[in-house]
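Quick note: the coordinates plus some simple rules give every number you see, no bench work behind them. No experiment lies behind these values; they were computed from the predicted model shown. Because the Cβ atoms are built from the backbone with ideal geometry, glycine has one as well, and the counts that use them run over all protein chains shown.
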Amino acid sequence: MAIAGSISIFLSFVVCIYVLIASVLSARLNRRDLLNSAKNGVISICLLLIIAAICLVNSLVNLDFSLKYVALNTSTDLPLIYRVTALWAGQAGSLLLWSLILSIFSALVVIFNRNNNTKFYSYVITTLAAVSCFFIFLIAFVENPFQKLPFIADEGRGLNPILQNGYMAIHPLTLYIGYVGVTIPFAFAMGALLSGKIDDEWIKNSRKWILFAWTFLSVGLLLGARWAYLELGWGGYWAWDPVENAAFMPWLAGTAFLHSVMIQERKKMLKKWNLILIILTFFFAIFGTFITRSGIISSVHSFAQSDIGPLFLGFITLILLFSFSILWYRNDQLKSEDQFESILSRESAFIFNNLLFLSMAFVVFLGTIFPILSEALTGEKILVGPPYFNKVNVPIGLVLIFLMGVGPLISWRKASKENLIKNFLFPIMTGVSTSIVLLILGIREAVAVLSYSLCAFVLSTVFIEFYRGVRVRSGRGENYLLALTRLVSKNKRRYGGYIIHIGVALIVIGITSSSVFVTQKEVTLSRNETVEVGKYTIAFNGLQRYQNDAKNATAAFLTIYKGSDPVGQLVAEKNIYKYEGNREINQETEVGLRSTLMDDLYITLTNFNNNGKASFRIIVNTMVSWIWLGGMVVLFGAIITMWPAPFKRRQESSVRYNLGADDHTAKV
Amino acid sequence: MTLYISVAICIATSVFIIIPFLIKYKSVRLDDSTHDQEPKSSIDLNKEIISMQGEKNKLYSELMDIEFDYNLGKITENDYKELRSKYMGRTAELLRKIDEINIKPGSGTGDVIEDEINKFKKNVNSN
Amino acid sequence: MFKGKLKFIVAIGIISLTVVYLVFAGVKDTMVYYLTIDELMDKVPEVYDDKVRVSGTVVEGSIKNDLDSSLEFQLTDGNQVVNVYYKGIIPDVFRDGVEAVVEGNYQPGNIFKAKLLLAKCPTKYESEDSIYKQEKT
């Protein structure tokens, strides 16, 4: 079985080289047969990699310890589900996954465009093939998942217990779908540049893909944060770790691109800028994969270190050089129809949005590579930690929140005074009154007041949009609920986007609260002793040891009181996982967590002795749940935005009527 | 056993890739290289219609958006008139082009259009 | 039209400059030297004032983790040894022989007062040596 997998990988590499050559030739020689052959090649690669993946999963599930990858990532006591997800647990497997997802998306591009035979598509396929060749090369010749051991191992190394968790099981998958999803618009952009056909077609095709990729990147980031919160035990969810930053940078650039695409569609501006932006987004995606996979920036997260680092670096350099060269070459064709009129306009808001998102990406990038940069330039390795990132990104973030509220309401081209007053009076009043209320309540932290007020501002702008829309529709005789549903379904992109903004505001509220209003206490208790943290009183009921198949557990039982009323019980554990494969990483802490909308009570058992005394770290985190809830709202909004629209016929007939009734003469 | 499967996979892949070279094409050239002097085949015309339909839908979306924004009070009356005029013009031109090529009788049931006309009238009156 | 564009360019300029300033200030305030134990010892006595990060391996048997008091252990690079005192979150991976990184202040008397502790499993686990094998006859 493994042999079939191995052969599939080698064959897909050969086919990939062929597709690369054939697609270029089809454009240069202007031949349809070459293009169709290349298209078939793309589909073949997809099928071959599916076969390879199936073979690998089969070997993993059946614990074929003759394979190095299986021996490194599974063990006889590993549950079935984690044997399957072991497909992306290690270096070789996750590279295979990257290649597989890319091949599937490439095949989809080919299938959706099977009737298109233009130079543009030839070069789109060339780009997809070029990127695929790199990744398939890695899994064929450098980190082959089907590499055999010189012996058959008796037992595998197993999977680190902290990774055996639902969130960690899907988090890499969602991020990879995001990274690969960004590659497709990049291929469209390169197709446009290489063929010289730099009109709206590449943008039109890219919009759906970037939205799709963005959704998965967002979900992936939130899943990672949630996992860190639950499993790492320090009470936080984001540490500006290089691997976290690796996924954040493409998200930032991708968000900028998402918005900037809207301008090009509407206003035909920013053609050159959009090309630069997608090249950067793709760069960040590959760079992100590079950081995670090469361990070049030593991070506690880095589970992999090997020789693929230099190869990645070479590939990234090649991409950047090539993309910007061809952009330069086509510079004359990229004259934008600049209709920029006023600084108070939606165009302007979008441009500031882009500027700020890219600044943030740059700030994160700089902070992440700082150690390497400083070592290269000064010989000394210097780090910057969370304080740097927070200090620089928070101000930028606050301005972005403000823009998030301004953007949807401000008019295109030039906002008149009446437009500004009419649209912004209520939201500004909401924001200001929120500040006043907060100050009266005694909250003095400037960042918190500012952040909450801006979020209130944003939420009220979205509210106005929905309110007005519903009012217009219900004026035509629909009841409010029907009006709302129809409003959203007829304007999915607009209102889906607004829902996403609501979700983002909720997330920001959650992040602000859980960063500014945290109470922490470290305490040692004997049995039946209590401690007060914030508004909670916590009583330690005692330690208990127990065993199951997986672990030897020491559990601390606690009862939680608010005042004198018991509100729940919590268990915090410190466990030793039983011999799992060869792994010696077997200690694991399980947090006692009580989540409500208002706050999370987060208790970790840090130490204990044989006299029944135990040490705890107790944290009260305000409104953390808002982050996860906001994330679900974002996902909901994104799904609405991507939902296919069936309302074209109605639009057409209403417009045709209009044309007749107006006695309109054509003016172009 | 696996050897046979592997050989089969290799052969299947090769065949799949070679097939496009064996079919007869009306024109071996790529689409965007068609010269204007050549008479357009009906297949090419169909493709043009399809892409124009896409363009048309985009223009309709724009017009609906403009209408919508105006109803919400987001754009001034002047801007509304100007934008609407511009887009209506483009749409009219496009519809004319499509109708020229399109030899098929118009689709769309009369009832639906009547419906829309009534709704539109109501909207115009209530504003 | 030109006037509008000028305002715009000025705005972009201001924003960019602000960001650059924030970055400079941010880096200056938070930068931390990342040193090996050798380099740490070399930098005495200036290093007593700086916040630094030091990496090394945890000396076997040196870990003392009593209730109510800070964690104590020794860090080594194979040559020299540093005594570390730390109060805070202890990573699950932390034990004898692991690679650890501490951030804090180095004080006279070869004492490192750490505010941050990170640990990583030794990289040998990625190689084949870790795979349990039976001798083939």
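Overview of results
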{"quantity": "Share antiparallel - DSSP beta bridges, the protein assembly as shown, percent rounded to 5", "calculated": "90 percent"}
{"quantity": "R0 of 45 Å, Cβ-Cβ distance residue B:48-residue C:25: FRET efficiency to nearest 0.05", "calculated": "0.15"}
{"quantity": "Electrostatic dipole magnitude of the stretch C:1-101 [Cβ: Lys, Arg +1; Asp, Glu -1; Cα centre; debye, to 20]", "calculated": "1200 debye"}
{"quantity": "Where trypsin sites (Lys or Arg not before Pro) fall in DSSP loop in the stretch A:541-581, at most 14 other Cβ within 10 Å", "calculated": "A:578"}
{"quantity": "Three-way shape call for the stretch A:478-573 based on the alpha-carbon gyration tensor, with the a/c threshold at 1.5", "calculated": "prolate"}
{"quantity": "Rounded if a/c under 1.5, otherwise prolate or oblate - the stretch A:385-461, Cα gyration tensor axes", "calculated": "oblate"}
{"quantity": "Under 5 Å, built H, 5+ apart or other chain: amide partners of residue A:599", "calculated": "A:623"}
{"quantity": "Efficiency of FRET between residue A:80 and residue A:517 - r from beta-carbon atoms, R0 30 angstrom, step 0.05", "calculated": "0.10"}
{"quantity": "Rel. contact order, % - alpha carbon contacts under 8 angstrom, at least six apart, chain A", "calculated": "10 percent"}
{"quantity": "Members of A:197/C:5; C:28/C:51; A:271/C:7; A:521/A:574; C:51/C:115; A:272/B:97 lying beyond 20 Å, as alpha-carbon distances in this model show", "calculated": "A:197/C:5; A:271/C:7; A:272/B:97"}
{"quantity": "The stretch C:3-88, relative contact order in percent, only Cα pairs under 8 angstrom and at least six apart counted", "calculated": "20 percent"}
{"quantity": "Leading residue at positive end of dipole, chain A (Cβ point charges), from A:172, A:236, A:153", "calculated": "A:172"}
{"quantity": "Order of B:10, A:133 under a 10 Å beta carbon neighbour criterion, fewest first", "calculated": "B:10, A:133"}
{"quantity": "Neighbour-count ranking [beta-carbon atoms within 10 angstrom, fewest first] of A:241, C:66", "calculated": "C:66, A:241"}
{"quantity": "Centroid-to-centroid separation of the stretch A:216-281 and the stretch A:72-103 [C-alpha atoms, Å]", "calculated": "25 Å"}
{"quantity": "Label point distance in nm, residue C:6-residue A:316, each placed 7 Å from Cα along Cα→Cβ", "calculated": "4.2 nm"}
{"quantity": "Neighbour cut-off at most 13 other Cβ (10 Å), DSSP loop, GluC sites (Glu not before Pro), the stretch A:320-409", "calculated": "A:337, A:380"}
{"quantity": "Euclidean distance between Cα centres, the stretch A:487-550 to the stretch C:28-72, Å", "calculated": "33 Å"}
{"quantity": "Within the protein assembly as shown: Cβ-based charge dipole about Cα centre, in debye rounded to nearest 20 (Lys, Arg +1; Asp, Glu -1)", "calculated": "3300 debye"}
{"quantity": "Dipole of the stretch A:504-626, positive direction: furthest Cα of A:528, A:511, A:625, with charges on the beta-carbon", "calculated": "A:528"}
{"quantity": "Rg in Å to one decimal, and Dmax rounded to a whole Å, for the protein assembly as shown via C-alpha atoms", "calculated": "30.9, 96"}
{"quantity": "Label-to-label distance, nm, for residues given as residue A:446 and residue A:380 (7 Å Cα→Cβ offset)", "calculated": "3.1 nm"}
{"quantity": "The stretch A:637-643 - phi-based ³J(HN,Hα) in whole Hz, Karplus 6.51/-1.76/1.60, Gly and Pro as x", "calculated": "x, 5, 4, 4, 4, 8, 5"}
{"quantity": "Residues C:70, A:411, A:26 arranged by fewest to most Cβ contacts within 10 Å", "calculated": "C:70, A:411, A:26"}
{"quantity": "Positive-pole candidate from A:491, A:372, A:397, dipole of the protein assembly as shown, charges at beta carbon", "calculated": "A:491"}
{"quantity": "Lys, Arg +1 and Asp, Glu -1 on Cβ, resulting dipole of the stretch A:6-92 about Cα centre, debye, nearest 20", "calculated": "420 debye"}
{"quantity": "Global geometry of the stretch A:104-179, whether rounded, prolate or oblate, following the gyration tensor of its Cα atoms and the 1.5 cut on a/c", "calculated": "oblate"}
{"quantity": "FRET efficiency, 1/(1 + (r/R0)^6) with R0 22 Å, evaluated for residue A:425 and residue A:481 via beta carbons", "calculated": "0.20"}
{"quantity": "Helix-only CD estimate at 222 nm, as mean residue ellipticity for chain A, using -39500 (n - 2.57) per DSSP H run (n ≥ 4)", "calculated": "-22000 deg cm²/dmol"}
